[in-house]
1. What fraction of the DSSP beta bridges in the protein assembly as shown is antiparallel, stated in percent and rounded to the nearest 5?
2. So which chymotrypsin sites (Phe, Trp or Tyr not before Pro) in region A:163-197 are both in a DSSP loop and have at most 15 other Cβ atoms within 10 Å of their Cβ?
3. Can you tell me what share of the DSSP beta bridges in region B:24-319 is antiparallel? A percent to the nearest 5 is fine.
4. Which lysines, if any, have their Cα less than 24 Å from the Cα of A:Lys286, not counting same-chain residues under 8 positions apart?
5. What does the average come to when, for each residue of peptide A:239-252, you count the partner chain Cβ atoms lying within 10 Å of its Cβ?
6. If you roll a 1.4 angstrom probe over the protein chains with everything in place, what fraction of the accessible area of chain A belongs to carbon and sulfur, to the nearest %?
7. Keeping to pairs on different chains or 8 or more places apart, tell me how many lysine pairs in region A:3-92 have Cα atoms under 17 Å apart.
8. Using 0.36 nm times the number of residues separating A:Ala453 and A:Arg182, minus their current alpha carbon distance, what extension gain do you get?
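The values are calculated or read from the model by the stated rules, or taken from the named source; none is laboratory data. Model, not experiment: these values are computed from the prediction. Note that we place each Cβ from the backbone using ideal geometry, even for glycine, and neighbour counts take in every protein chain shown. Calculation scope for accessible area: heavy atoms of the full protein, side chains included, ligands and nucleic acids excluded. Shrake-Rupley method; radii C 1.70, N 1.55, O 1.52, S 1.80 Å.
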Amino acid sequence: MPIEVLMPALSPTMEKGNLAKWLKAEGDDVKAGDVIAEIETDKATMEVEAVDEGKLGKILVPEGTQDVAVNTPIALILGEGESASDAPAKSAPKKTDSPAKPVAGEDGAAASTGKPAEAAPEEMDVPEGTEMVATTVREALRDAMAEEMRRDPDVFVMGEEVAEYQGAYKITQGLLQEFGARRVIDTPITEHGFAGVGVGAGFTGLKPIVEFMTFNFSMQAIDQIVNSAAKTLYMSGGQVGCSIVFRGPNGAAARVAAQHSQDFASWYAHIPGLKVVSPYTAADAKGLLKSAIRDPNPVVFLENEILYGKTFPVPKLDDYLVPIGKAKIARPGKDVTIVAWSIGMTWALEAAEELAKKHIFAEVIDLRTIRPLDMQTIIESVKKTGRCVTVEEGWPQFGVGSEIAARIMDEAFDYLDAPVRRVTGEDVPMPYAANLEKLALPTAAKVIEAARAVTYR
Amino acid sequence: MPAAAKADKADKSVSRATKTAAWGKEQELKAYREMLLIRRFEEKAGQLYGMGLIGGFCHLYIGQEAVVVGMQMALKDGDQVITAYRDHGHMLACGMEANGVMAELTGRRGGYSKGKGGSMHMFSVEKNFFGGHGIVGAQVSLGTGIAFANRYRDNGNVCLTYFGDGASNQGQVYESFNMAELWKLPVVYIIENNKYAMGTSVDRSSALTDFSKRGASFNIPGEKVDGMDVRAVYDAGLKAVEYARTGNGPFILEMQTYRYRGHSMSDPAKYRSKDEVDKMRTERDPIERVRNRILERKLASEDEIKKIDAEIRGIVNESAEFATNDPEPDVSELYTDVLR
Ligand SMILES: Cc1ncc(C[n+]2csc(CCOP(=O)(O)OP(=O)(O)O)c2C)c(N)n1
Ligand SMILES: [Mg+2]
């Protein structure tokens, strides 16, 4: 049967074009790849190549014709012994349906939240009488890595100064000695490259822990974190993912100015395909890091330099895990909910202590995981208190607090007795001068002020 | 004579196939068949694009077939492949099914990524093909990481990491070169120098256009190869893969090749002359070269070759048929595969 040559679409947006010129005449032999015609679009002149072999039997659209719609038959190609009057092959496939419309979650949950919130994972019971060991956050993080490396030979750690130097902040202290250079790997200063190497190794099933000396330098590598680590599982239809932890100190240290003082919680929490964890206590640091290393997904694990040296009780258990995605009530209360995490918890707890003296009883939630966000715990608390203050070191615009405020409006608007208040870092690059730096950061006083504002007291 | 073609012929440093014994019938026919499958598949993809069945970007591999086919013939089971967005040829060469690749191009549920990746993002763990990446240069670090895993596991596998002349100017390529040589990773970097990155010719983008020397400051050896001759590719590939497999670290192969089509479907390719393209097609075409060799050496008759042609056409037509009739993914797939 003769084969119809159709007016081709030559760009994602082309709907019609002009048939500028025929380069073959009726009766000419054509081979696959031969240019048979020229077509003009609004952008360019393009060549049409034959895909099939045969004789150009009949030209259906003469040259010079304007506005020929895409998919209009423009010529017939004949096989051996065929004539143009034979019925043309209608093998032309039909155009695809219009793209599927995004659907809301089963219960019609708002598009902004995507899927309806899943039930938060269960917290592990610490048996009564368990010995609690005073441990710094630094030691807890190291212990978590060491335990997981003992447990699973596929876990390894790489980064700048992690091995021989024992870690720029001494988080990997002792790991080289115990696990050797094969599994504790000093990299060159090459964040973009080694983040990609980690993700590639993760694609094959290894479980890298990639340390950024600080998260400020992860901006060099953010393409590999977002475009490769977070999206590949989806783009591969579930075939290729990576179990990888990107970890390191996040946020402002002290007096290191703008390029070294930045909070990345909202940056990474924006990305579907990532989990984002940011602990406050040593116990949570240990239990969450162990969970992060075991998690089959990429996890961004945000630590805090100022907290590294702080001591907390850590349960002495063989395998202490804290679930990702579960917030914790750090201090119960009834008058106002304060949501914080990481270093923000120091300001939140200090504020709650002061507020109690004024008979304002704040419930302090330690978020621990930023993505997935444990809205269930926040909402339950807000239903009780009717008021909410969020605390974060990051900038105010498009921050985690903004997201929490929006979600409270979605899910608990009727329970609110006051607008949600955000306490954040000031909307400026971090200044160096001691007095200005202090002004740029949240403080317990700012949290107190916000709590009093929402409780009208 | 167009500059590109002339330069290639005159350049004595370019490896041309002469080192291994002449191929026998089986190898010549295999190379012919595999290259033809890619050529016909790509022509069909172009046609389906023209009909609006394939959307977005679609980067065809026509002209470059000898590179992946020759390299694939030099591999062992277990070796991995990773490349950028001009990836259909690589997938077919890895043994991925034409149906699944074409159905991904049309965004259907039977596609390798269930229709969620498209032309630029496809994977097959089974065939050790790791994508399919849309960010120019990203696959170079990723491939280096796959090689890192090979070394970590000491499994004797090599990762072929393909990238373009344009990608060769990305910073992470050199970060990867450094680590690969430092840690002696089993990776072969294959720079597919098809003379252009979109509309920018190599002379306009690159201070050093001899890409085989791009590893020099890391002590990585390199070789320029006639990428339009599948045997030359195979010979160089064997050597490079062996070098990497035996613990010597990375090797760079600059494949001198050429794409006949525009960068993507909507590129009218006004930055080069018709002559230049025609010269390449008529004088250097990788498929014609093998075909002529087969006929001259009487390894197969015209009829046998015609039979292969018909068989390939059948596979390709069936893939188009499948990719047209296979349903789009179920709407519930919108939310799957975000996390495991
Ligand atoms: C990081 C990044 N920058 C720019 C682009 C847009 N882009 C896509 S392909 C391309 C040209 C790449 O050329 P080359 O590496 O030579 O590969 P070829 O297309 O020739 O196979 C550009 C600039 C991109 N996808 N990613
Ligand atoms: Mg190129």
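1. Numbers: 34 of 88 bridges.
Of all bridge pairs located within the protein assembly as shown, approximately 40 percent are antiparallel.
2. On the way: sites: A:Tyr165, A:Tyr169, A:Phe179, A:Phe194; in loops: A:Tyr165, A:Tyr169.
Counting only loop positions with at most 15 other Cβ atoms within 10 Å, the chymotrypsin sites (Phe, Trp or Tyr not before Pro) in region A:163-197 are A:Tyr165.
3. Details: 3 of 24 bridges.
Around 10 percent antiparallel, to the nearest 5.
4. By straight Cα distance, A:Lys286 reaches A:Lys170, A:Lys207, A:Lys275, A:Lys310, A:Lys316, A:Lys326, A:Lys328.
5. Working: counts 13, 9, 3, 3, 1, 1, 0, 0, 0, 0, 0, 0, 0, 0.
For this peptide, the per-residue mean of nearby foreign Cβ atoms is 2.
6. Numbers: 10250 of 19490 Å².
On chain A, the fraction of accessible area on carbon and sulfur atoms equals 53 percent.
7. Working: A:Lys16/A:Lys43; A:Lys21/A:Lys43; A:Lys21/A:Lys58; A:Lys24/A:Lys55; A:Lys24/A:Lys58; A:Lys31/A:Lys55; A:Lys31/A:Lys58; A:Lys58/A:Lys90.
Taking region A:3-92 as the scope, the lysine pair count is 8.
8. Working: separation 271, 0.36 × 271 = 97.56 nm, distance 5.55 nm.
Length gained between A:Ala453 and A:Arg182: 92.0 nm.
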